[in-house]
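The values are calculated or read from the model by the stated rules, or taken from the named source; none is laboratory data. As the structure is a computational prediction, the values presented were derived from the model and not from experiment. Cβ placement follows ideal geometry from the backbone for every residue including glycine, while neighbour counts extend to all protein chains displayed. Each accessible area value is taken on the protein alone, full model and side chains, heavy atoms only, with ligands, DNA and RNA left out. Shrake-Rupley method; radii C 1.70, N 1.55, O 1.52, S 1.80 Å.
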Amino acid sequence: MKIEQGILIPSTLMPVGEGITGASYAIVLIAGLSQRCVVKRAGDREIAAECLCALLGDALGLPTLVPVVVTDPRDNTLWFGAREVGYPSLSSSLRIGSHA
């Protein structure tokens, strides 16, 4: 697994509606291709922690998503994202939160 980079298409942001981080669905350009992702605003440390957790989870054989560091072209801020793959998510597999 590698950490990908992408560019947010701001007009496509739509709230996920669950969770506590204010995540949204959005289209992100990754290597020139439009990909639906789950994204959230995050600081540098949070992005680093999310990427590390994804890489560790992958190394342990857990069902993890490919991390994407997303640039918002409106102000060049960095967001954390992951390609949207639908269910089952790790939270539903472990019966965490609203998936319990």
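Structure notes:
- Selection status of Ala42, among the small types (Gly, Ala, Ser), without any contact (Cβ under 8 Å) to a residue 60 or more places away in the chain and open to solvent by 70 Å² or more (accessible area, probe 1.4 Å): no
- Scope region 10-29; condition closer than 20 Å to Pro73 by Cβ, open to solvent by less than 50 Å² (accessible area, probe 1.4 Å) and without any contact (Cβ under 8 Å) to a residue 40 or more places away in the chain; matching residues: Thr12, Ala23, Ser24
- Which numbered condition Ala49 fails, given (1) open to solvent by less than 60 Å² (accessible area, probe 1.4 Å); (2) within 20 Å of Glu18 (Cα to Cα); (3) modelled with pLDDT of 90 or more: (2)
- Within region 30-66, the set of residues being in a loop (DSSP other than H, G, I, E, B), more than 18 Å from Leu78 (Cβ to Cβ) and not small (Gly, Ala, Ser) comprises Leu60, Leu62, Pro63, Thr64.
- Only listed residue being part of a loop (DSSP other than H, G, I, E, B) and out of contact with any helix residue (DSSP H, G or I) (no Cβ under 7 Å at 6 or more places or on another chain), chosen from Gly6, Gly17: Gly17
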